[in-house]
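One structure is given here, and the rest of the page talks about it.
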Amino acid sequence: MVEGCLDDHDSDRGSSLLDDMDEALTSEGGLLPTTSNNIPLMRVVQSVKHTKRKSSNVMKEGWMVHYTSKDTLRKRHYWRLDSKCITLFQNDTGSKYYKEIPLSEILSLEPNQAFSLLPDGSNPHCFEIATASLVYYVGENLQRSESVTGSSLLVSGIGQDVARMWEMAIQHALMPAVETFTKNPCKCDGCCVVLQDINSIYQIFPDEVLGSGQFGIVYGGKHRKSGRDVAIKIIDKLRFPTKQESQLRNEVAILQSLHHPGVVNLDCMFETPERVFVVMEKLHGDMLEMILSSEKGRLPERITKFLVTQILVALRHLHFKNIVHCDLKPENVLLASADSFPQVKLCDFGFARIIGEKSFRRSVVGTPAYLAPEVLRNKGYNRSLDMWSVGVIIYVSLSGTFPFNEDEDINDQIQNAAFMYPPHPWKKVSQEAIDLINNLLQVKMRKRFSVDKTLSHPWLQDYQMWLDLRNLESRMNERYITHESDDLRWHHHAQLSGLDYPGHHGNNGPRGNGDLTKEVTIM
């Protein structure tokens, strides 16, 4: 957390700050830290932590009978229900099973209503499980009560009471986050309003907690018909005051207005009197996780450039629409895959604001460790707020620490280059990277680099990075980060430098089998 009052004093830094750093590090008798005393990088406030799902706990098990729409022979198996599927085992002790019914594939759970397939003389079933390809007719409703009595009912898997318990258990598993609620509007991808129950469209996995944010818990889920994985944020409206509920609606409204490969995609939103369900695309992890799990607890410049450029391109789209994110941090930069060079997407727009190019806002926003001084001082802020956060993101990516500590004024810390950039690890970081950070961590907003100026900085005008980005665009079959107008310039650069220049499929990607992520050697 960043604390302390900030005055308005701010000196020009630029290249002179780099000179001051060199002098400070070489002077005799001075305070020369070799490592940073700043706070190590960590998750701050409530952030999304992506975790792998552990084995599910058994919710119910026991013998049960069924037949199907394709096979009218009634079969008996040992059923075991967990939060993700119903498994039909051959017996109650072994591990061999006959079939699995994923809960995500269940389209409906209905009372017995279809008897056309029931063989003559057979007892009717008790309830029906419908999937896209098959209907399971479950249980056996005994017509003569003397057929099976007592505890034998449980062992045999027949009888209306046994079936009713199974129907209730499956119903509970299908709706882990909601007890009872009526059908409500869902606006999906700008389509017309359709009355739907969320559990008829999505399966929510209660034991796959992706994280908890400022509004509620985010669960893993699955779209029933397509099998597509999703993230579902569930918000208990009764726990939050009107202002925070308004903040959530602000996030949803902004996401609905954004359609960009660098912004997390909103599927739809469901609402009941008690809860709101926000369904989004599910991604692999976040940038913070990538930094903390790296070998040295920080990222190489090559990967940092690759990620930051994508952040800036998404940010340029936001700013073009007069949207300021207001809470940029590595936790809110999601990774689309586990690749070394993944696509990234911005998420968590709960603090986002609509701010014109020359407009200012004063409301409290964001996470203090990444916030610009003007917000901490409760001064007016504008879209340059996001650019300060980009500077902090670059700093923490390259060093594994926050740029400031809690005990000193930010202004004072910024002026002390020796403490901002101690030899470990900054001695191995390029001066261009440090220069860009300095131009982003400007206390005076008017001196802070814009998105376009940052993208044009020499540190990000890098041939290897351009190759890495072109390879990503080729894999995605979509060009949205680089631009065709740069192709000729980089082609000439490669020729003059004696570097390989891969061919391209028209405007979309590389021609041939060359791997663009292979590092080029500067001759």
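Each value in this text was obtained by applying a stated rule to the coordinates, not by laboratory testing. Since the structure is predicted, the reported quantities are computational estimates derived from the model, not experimental observations. In this analysis, Cβ positions are derived from the backbone assuming ideal geometry, glycine residues included, and neighbour counts consider all displayed protein chains.
Sort ILE101, ILE232 so the one with the fewest other Cβ atoms within 10 Å of its own Cβ comes first.
ILE101, ILE232
Along the charge dipole of region 60-174, Cβ charges K/R +1 and D/E -1, which of THR93, ALA169, GLY139 sits furthest on the positive end?
THR93
Evaluate E = 1/(1 + (r/R0)^6) for ASP236 and LEU142, where r is the Cβ-Cβ distance and R0 equals 56 Å; express this FRET efficiency to the nearest 0.05.
It comes out at approximately 0.85.
Given labels modelled 7 Å from the Cα in the Cβ direction, how far is it in nm from HIS457 to GLU281?
So the two model labels end up 2.8 nm from each other.
Would you order MET476, MET445 from fewest to most other beta-carbon atoms within 10 Å of each residue's own beta-carbon?
Working: MET476 15, MET445 19.
Exposure proxy ranking, most exposed first: MET476, MET445.
Checking the table LYS233/LYS296; LYS99/LYS225; LYS321/LYS345; LYS60/LYS222 against a 27 Å threshold on Cα-Cα, which pairs fail?
Details: LYS233/LYS296 33 Å; LYS99/LYS225 19 Å; LYS321/LYS345 17 Å; LYS60/LYS222 22 Å.
Among LYS233/LYS296; LYS99/LYS225; LYS321/LYS345; LYS60/LYS222, the Cα-Cα distance tops 27 Å for LYS233/LYS296.
Subtract the Cα-Cα distance of ARG302 and ALA253 from 0.36 nm times their separation in residues, and report this length gain in nm to one decimal.
Computed gain between ARG302 and ALA253 is 14.1 nm.
How do 59-66, 337-344 rank on mean C-beta neighbours within 10 Å, highest first?
59-66, 337-344
In region 283-325, if every C-alpha pair distance is counted and binned at 10 Å from zero, what percent goes to each bin?
All Cα pairs considered, the percentages come to 25, 42, 27, 6.
At 7 Å along Cα-to-Cβ for each site, give me the label-to-label distance between LYS428 and LEU292 in nm.
2.2
What nm value, rounded to one decimal, do you get for the distance between ASP161 and GLN113 when each label is placed 7 Å out toward the C-beta?
Placing both labels 7 Å along Cα→Cβ, they lie 2.8 nm apart.
For an R0 of 51 angstrom, estimate the FRET efficiency from the Cβ-Cβ distance between SER337 and ARG76 and round to the nearest 0.05.
0.70
So how much slack lies between ASP207 and LEU488, counting 0.36 nm per residue of separation and subtracting their Cα-Cα distance, in nm?
The ASP207-LEU488 span can extend by a further 96.0 nm.
What is the gain in length, in nm to one decimal, between ALA132 and LYS321 on full extension, counting 0.36 nm per residue of separation less the C-alpha to C-alpha distance?
63.9 nm
Could you give the size of the charge dipole of region 60-174 about its Cα centre, using +1 on the Cβ of each K and R and -1 on the Cβ of each D and E, expressed in debye and rounded to the nearest 20? Each step should come with its number before you reach the end.
Numbers: 11 positive and 13 negative charges, 50 e Å.
Magnitude of the dipole: close to 240 debye.
Rank these for me by crowding, LEU460, LEU472, going from fewest to most other beta carbons within 10 Å. Provide the component values of the computation, followed by the final result.
Numbers: LEU460 18, LEU472 25.
Fewest-to-most Cβ neighbours within 10 Å comes out as LEU460, LEU472.
With 5 Å bins from zero, work out the P(r) of region 63-103 over every alpha carbon pair and list the percent per bin.
Here the calculated profile for region 63-103 is 6, 24, 28, 27, 11, 3.
If you average over every viewing direction, what projected area does the convex hull of the Cα atoms of region 60-174 give, in nm²?
In nm², the orientation-averaged hull projection of region 60-174 is 6.9.
Between ASP409 and ARG446, how high is the FRET efficiency from 1/(1 + (r/R0)^6) when r is the Cβ-Cβ distance and R₀ = 22 Å? Nearest 0.05.
The pair ASP409/ARG446 has a calculated efficiency of 0.60.
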